[in-house]
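**Student:** Quick one: structure below, then a few questions.
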Amino acid sequence: MPVLKNKNFLRGVKLEIGVSQGNIEKKNKTLTIFLFTSPYGFENSSTAARLAEAALDKGYSVNMFASSDGVYNFMAGQKAVAIPNIQQEFEKLINKGLKVYLCGPCLNFRGIQRQNLIENSKPSSLTELFAIMGQSNVFLCFSF
């Protein structure tokens, strides 16, 4: 079976994908998604949620780090009507095992306090983001 190797720029992490008769074998199992945009203004939040759910369903560990206006995705009390409520989508994913990290300074700049966040989303830092990236096999960024 041929093995494709792609050297990743993240601290020498290598992503290996085995190809066998058109199927992709998972050799690495940690996905980290960096979400930079607010809910409802773009499709990024919904796309990131669907991707996270698919990865969780396939047995991957999934981290999500929200920065800038991306932290608004994890505020409690959202009142979306006639469109998917991103708060409810992320709460469901957290219950499935999604780990959510939020940029602490971004929360502070926006006046968002801990009690305004959905359960099990945690304020974090760029230092922690870099550590998470170093432990991840795949890193995707959803931005403008």
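**Student:** Here are L35, L51: which of them is modelled with pLDDT of 95 or more, of a type outside the set (S, T, N, Q) and over 18 Å from L126 (Cα atoms)?
**Tutor:** L51
**Student:** In the stretch 48-69, what residues are free of Cβ contacts under 8 Å to residues at least 60 places away in the same chain, of a type outside the set (G, A, S) and in contact with a Ser or Thr (Cβ under 9 Å, 6 or more places away or on another chain)?
**Tutor:** Y60, V62, M64, D69, listed by residue number.
**Student:** With respect to L93, determine if the residue is modelled with pLDDT of 85 or more, under 16 Å from V138 (Cα atoms) and assigned to a helix (DSSP H, G or I).
**Tutor:** no
**Student:** Would you be able to tell me the number of residues in the stretch 97-113 that are charged (D, E, K, R) and either more than 12 Å from Y72 (Cα to Cα) or in contact with a Phe, Trp or Tyr (Cβ under 6 Å, 6 or more places away or on another chain) (or both)?
**Tutor:** 1
**Student:** In addition: Outside any strand (DSSP E or B) and modelled with pLDDT of 95 or more: does that describe A80?
**Tutor:** When the stated conditions are applied, A80 does not pass them.
**Student:** How many residues does the stretch 120-144 contain that are within 21 Å of Y72 (Cα to Cα), assigned to a loop (DSSP other than H, G, I, E, B) and touching a residue at least 40 places away in the same chain (Cβ under 8 Å)?
**Tutor:** Here the count works out to 2.
**Student:** In a helix (DSSP H, G or I), over 12 Å from the mean Cα position of the chain (by Cα) and not hydroxyl-bearing (S, T, Y) - does that describe any residue in the stretch 61-75?
**Tutor:** Scanning the stretch 61-75, I find at least one residue that is in a helix (DSSP H, G or I), over 12 Å from the mean Cα position of the chain (by Cα) and not hydroxyl-bearing (S, T, Y), so the answer is yes.
The values are calculated or read from the model by the stated rules, or taken from the named source; none is laboratory data. Keep in mind that what you see is a predicted model, and the values were worked out from it rather than measured. Here the Cβ is made from the backbone with ideal geometry for all residues, glycine too, and neighbour counts use every protein chain on show.
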